[in-house]
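Okay, so here's the structure we're looking at.
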Amino acid sequence: MKPRIAVLGCGYWGSNHIRTLKALGALHAVSDTNRARAEGFASEQDCLAIEPDQLFVRDDIDAIVMALPPQFHADLAVRAVEAGKDVLVEKPIALTVADAERAVQAAKDNGRVFMVGHVLRFHPAFETLKGLIDKGELGEVRYIHSHRLGLGKFHTENDALWDLAPHDLSMILAITGTEPIEVRGEGAALLDNLSDFAHLHMRFPNGLRSHLFTSRLNPYRERRLTVVGTKAMAVFDDVEPWERKLAVYRHAVWQDSGQWAFTTNEPSYVAVAQGMPLTRELEHFIQCIETRAEPRTSGEEAIRVLRILTAGTVTHTKS
């Protein structure tokens, strides 16, 4: 029998969790401070609508997926794990490192699964890219840059960096296997005192460098992760169709008689099995509940992501 999972938060992303868990046969209940919204989803998906406070005391709830504004995540995650529930918390899991550490420690103290919604770690194209890197197909990775640009969404509590960068930081940390030793942030606020554009520059212990650019005021969408290695370069572009999402460029650069020379080659597109990242993420969550395994996107990883976000945040004052 699959674990009985409730979704707390029936907004845009919570609704995706609801429909996906229903398709996986694990949706037991939905909950939202807007009772009518919860009841609408409950009727649509043939599950229970439960008041938020009741989720934590009911014996028929094994786990809770939290898709809330991030300022509420830490306190409710602590409450859930102390009530014996496993949790998947959407990103960012908190607005401070201290709150994130408190929630993750509470899960450890209570023997609960604590997973974070860094959904792109479960994208088939990223999994394939990570496999290429692990097999040495790109050589030694020397540089990683990611661009996540678009128009919206706009939040009152977190800026473009905190809203958009966690996914890319999770992928970068998975590739590097370590935290950066230097983080420098730049930001620009046009609408209020929160960054609408944000850059992160990172330096890692082995000399690897990384650059991240996010924007919520961009006229076009860009969802691109580029990895530069000593043998080849690879690009994961999530805006492209499936057959072109992962490209490998086998360019060559060398010195000849004291001068630099290079050759360029057309990209080779790597076959990627199609699959919805959210479905794969929730399948992994269910498996971790059943086996008590540590999630691929653990609370500890989320704390590392928050440390980088905190170090790279630019504070703006209203003029």
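Using +1 on the beta carbon of Lys and Arg, -1 on that of Asp and Glu, and nothing else charged, what's the dipole of the chain about the Cα centre, debye to 20? All intermediate terms of the calculation are to be shown ahead of the outcome.
Details: 36 positive and 42 negative charges, 103 e Å.
Here the size comes out at about 500 debye.
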| query | Taking the Cα atoms only, what angle lies between the long axis of helix 277-291 and the longest principal axis of the chain, rounded to 10 degrees? | reply | 60 degrees
| What figure in square angstrom, to the nearest 10, would you give for the accessible area of residue 211 with a 1.4 Å probe? | 30 Å²
| Points 7 angstrom from Cα along the Cβ direction at residue 263 and residue 155: gap in nanometres? | 4.7 nm
| message | 7 Å from Cα along Cα→Cβ at both residue 209 and residue 254: what's the point-to-point distance in nm? | response | 2.5 nm
| query | Which angle from 0 to 90°, rounded to the nearest 10, does the C-alpha axis of helix 299-312 make with the longest principal axis of the chain? | reply | 60 degrees
| Using a cut-off of 19 Å between alpha-carbon atoms, which lysines can reach residue 130, once sequence neighbours fewer than 8 places away in the same chain are excluded? | 231, 245
| query | Out of (1) 193; (2) 165; (3) 156, which label holds the value of volume of the Cα convex hull per residue in Å³ that was computed here? | reply | (3)
| Within the chain, what percent of beta bridges assigned by DSSP are antiparallel, to the nearest 5? | 60 percent
| field | Segments 182-188, 69-75, 118-124 sorted - mean Cβ within 10 Å per residue, highest first | value | 118-124, 69-75, 182-188
| In sequence order, calculated HN-Hα J values of region 246-254 (Karplus, 6.51, -1.76, 1.60; Hz; x Gly/Pro) | 10, 10, 10, 10, 9, 6, 9, 10, 8
| If one computes the Cα centroid of region 81-127 and of region 160-206, what distance in Å separates the two points? | 19 Å
| said: Can you give me the long-range amide H partners of residue 218? Hydrogens built in the peptide plane at 1.01 Å from N, cutoff under 5 Å, separation of 5 or more residues or another chain. | reply: 150, 151, 152
| said: Output the 0 to 90 degree angle, nearest 10, between the alpha-carbon long axis of helix 124-134 and the longest principal axis computed from the alpha carbons of the chain. | reply: 50 degrees
| said: Apply the Karplus curve 6.51 cos²θ - 1.76 cosθ + 1.60, θ = phi - 60°, to the phi angles in region 199-213 and return the couplings in whole Hz, x for Gly and Pro. | reply: 10, 10, 10, 10, 10, 9, x, 8, x, 4, 10, 8, 9, 10, 10
| message | For residue 65, what residues show an amide H to amide H distance below 5 Å, using hydrogens built from the backbone and excluding near sequence neighbours? | response | 6, 7, 8, 88
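Select from region 43-144 those GluC sites (Glu not before Pro) which occupy a DSSP coil region and have at most 16 other Cβ atoms within 10 Å, ordered by residue number. Please list the in-between numbers first.
On the way: sites: 44, 82, 90, 101, 127, 137, 140; in loops: 137, 140.
Sparse-neighbourhood loop GluC sites (Glu not before Pro): 137, 140.
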| remark: Applied in sequence order to region 144-150, the curve 6.51 cos²θ - 1.76 cosθ + 1.60 (Karplus, θ = phi - 60°) yields integer Hz couplings, x standing for Gly and Pro, of 9, 9, 10, 10, 10, 10, x
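The values are calculated or read from the model by the stated rules, or taken from the named source; none is laboratory data. In this text the structure is predicted, and so the values were computed from the model without any measurement. In this analysis, Cβ positions are derived from the backbone assuming ideal geometry, glycine residues included, and neighbour counts consider all displayed protein chains. Just the protein is used for accessible areas: all its heavy atoms, side chains included, with ligands, DNA and RNA removed. Shrake-Rupley method; radii C 1.70, N 1.55, O 1.52, S 1.80 Å.
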